[in-house]
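The values are calculated or read from the model by the stated rules, or taken from the named source; none is laboratory data. Given the structure is predicted, the values throughout are model-derived calculations rather than measurements. We place every Cβ from the backbone using ideal geometry, glycine too, and count neighbours over all the protein chains shown.
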Amino acid sequence: MGRYLVRRLLLLMPVALGITIVTFFLLRLIPGDPAVIMLDNRATAENVARLRHSLGLDRPLFVQYLLFLKNIATGRLGESLIYRTQVLPIILGRLPVTLFLAVYSTVLAALVAVPLGAWAALRKGRASDQAIRLGVLFSLATPNYWAAIVLLLVFSIELRWFPVGGYGTTFGDHLRHLFLPALTIALSLTPILVRTLRHNILEVLRTDYVRTAHAKGLEAARVFTRHVLRNSLISTVSVLGVHLGFLVGGAVITETVYAIPGTGFLLIKSTFARDYPMVQGLTLMFASLVILVNLLTDMTYAVLDPRVRYD
C-alpha cells in the first residue's frame with residue numbers, strides 16, 4: 001500500500017502541473033481587466049496603468065506564471081486582488097463549508113440510493129421497480145439549478161421550513177441551513193447510484209457463489225448483505241468516486257443559488273471580479289480535492305474486496 005501511494009503521488013505531479021498551466025492561461029482569456037473593475041469610476045488610463053504595475057499585471061505572462069509556481073512551492077497562492085490579503089487563509093476559511101455540504105450530500109444520496117437500488121433489483125420487473133426507474137430518469141433529466149430554485153421557492157419561501165440561505169453557527173444550524181442545498185446535489189447523484197447498484201446486484205445474484213450460499217441453507221438476508229450487497233458496492237463506489245468530482249461543480253451552482261459562504265460562491269464572485277490569484281487558488285484546490293477523492297476511492301476497494309492488491 002505504501003509503495004502504491006508513493007507511485008500514485010509521483011504520477012499526480014505532472015497532472016497538477018498541467019492543471020496550473022490550463023488554469024493560469026485560460027483565466028487570462030476571460031474578457032475584462034481586473035484593474036478597470038477594481039477602479040470602477042476612477043478607471044482613468046493613468047490610474048489603470050499605475051494599478052496594473054502595482055499588481056504585477058503588466059509583466060509578461062510567462063513571468064507571472066513562474067511567480068505563481070513559486071507561490072505554490074512556498075505554500076502560498078498569492079495575494080487576492082480584491083481582498084488585498086493572502087489567498088490561502090481566505091480559501092481555508094471557506095473550505096469547511098463546502099466540505100460539509102459535499103459530505104452531507106453524499107450521505108443523503110447514499111441513504112436513498114442503497115435502499116432504492118436494492119429494492120428495485122429484488123423486485124425486478126414489478127411495479128415498484130418500474131416506478132423507481134421512472135423516478136431515476138426524471139431526476140437525471142432535472143437540471144441542478146432548476147431543482148435548487150424549486151426547492152428554495154417551495155420549502156423556504158412558501159412553507160418556511162428551512163432558511164433561504166446562510167450556514168448557521170452550530171452543528172444543528174449547519175444541518176438545517178444546508179439541508180436543501182445538500183438535497184439539491186443529492187438529487188443529481190442518487191439516480192446514478194441507484195442505476196449502478198441495481199445493475200450490479202442483478203449481476204451478482206446470478207453468480208455461482210450466491211447460488212452455493214443459498215444451497216447451503218444460509219438465510220436469505222445474510223446472503224444478500226454479506227455476499228450480494230458487499231460485492232455490488234465495489235463498482236458503485238467506483239462510480240461514486242468519479243461523480244464526486246462533478247459534485248464539486250454542482251456545489252458551485254448550489255452555493256450561488258442558496259448564498260452559502262463556501263468556496264463555490266467565492267469562485268463565482270472572484271471570477272466576475274477577475275481576481276486571478278483567488279480563482280487560480282480555488283481551481284487548484286478543487287482539482288486537488290478531486291484527485292484526493294479518486295485516490296481514496298481506489299483505497300476503498302481493498303476494504304470492500306480483500307482480493308484487491310496494490311502491486
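THR142: surrounded by fewer than 12 Cβ atoms within 10 Å (Cβ to Cβ), assigned to a loop (DSSP other than H, G, I, E, B) and on the phi < 0 side of the Ramachandran plot, yes or no? Here the answer is no, as THR142 does not meet what is asked. A Cβ distance below 6 Å, combined with a sequence gap of six or more or placement on separate chains, defines the contacts here; from segment 127-142, residues that are of a type in the set (Asp, Glu) reach no residue that is surrounded by fewer than 12 Cβ atoms within 10 Å (Cβ to Cβ). Taking the condition of being closer than 15 Å to VAL136 by Cβ and part of a helix (DSSP H, G or I), how many residues in segment 106-126 meet it? Count: 11.
Figure legend. Inter-residue proximity from segment 151-177: first residues assigned by TED's automatic domain parsing to the domain that holds PRO96, second residues among the small types (Gly, Ala, Ser) and assigned to a helix (DSSP H, G or I), beta-carbon distance below 8 Å, spacing 6+ or different chains. Indicated pairs: PHE162/SER156; PRO163/SER156; VAL164/SER156.
For (1) of a type in the set (Asp, Glu); (2) over 30 Å from LEU244 (Cβ atoms); (3) part of a loop (DSSP other than H, G, I, E, B), each residue gets a yes or a no:
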{"residue": "LEU66", "(1), (2), (3)": "no, yes, no"}
{"residue": "LEU81", "(1), (2), (3)": "no, yes, yes"}
{"residue": "ARG84", "(1), (2), (3)": "no, yes, yes"}
{"residue": "LEU95", "(1), (2), (3)": "no, no, no"}
{"residue": "THR98", "(1), (2), (3)": "no, no, no"}
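Considering the conditions (1) assigned to a helix (DSSP H, G or I); (2) at pLDDT 75 or above, ASP40 is excluded by exactly one of them, (2).
Tell me, yes or no, whether segment 266-280 has at least one residue that is within 20 Å of ALA109 (Cβ to Cβ), modelled with pLDDT of 80 or more and buried (at least 17 other Cβ atoms within 10 Å of the Cβ). No: zero hits.
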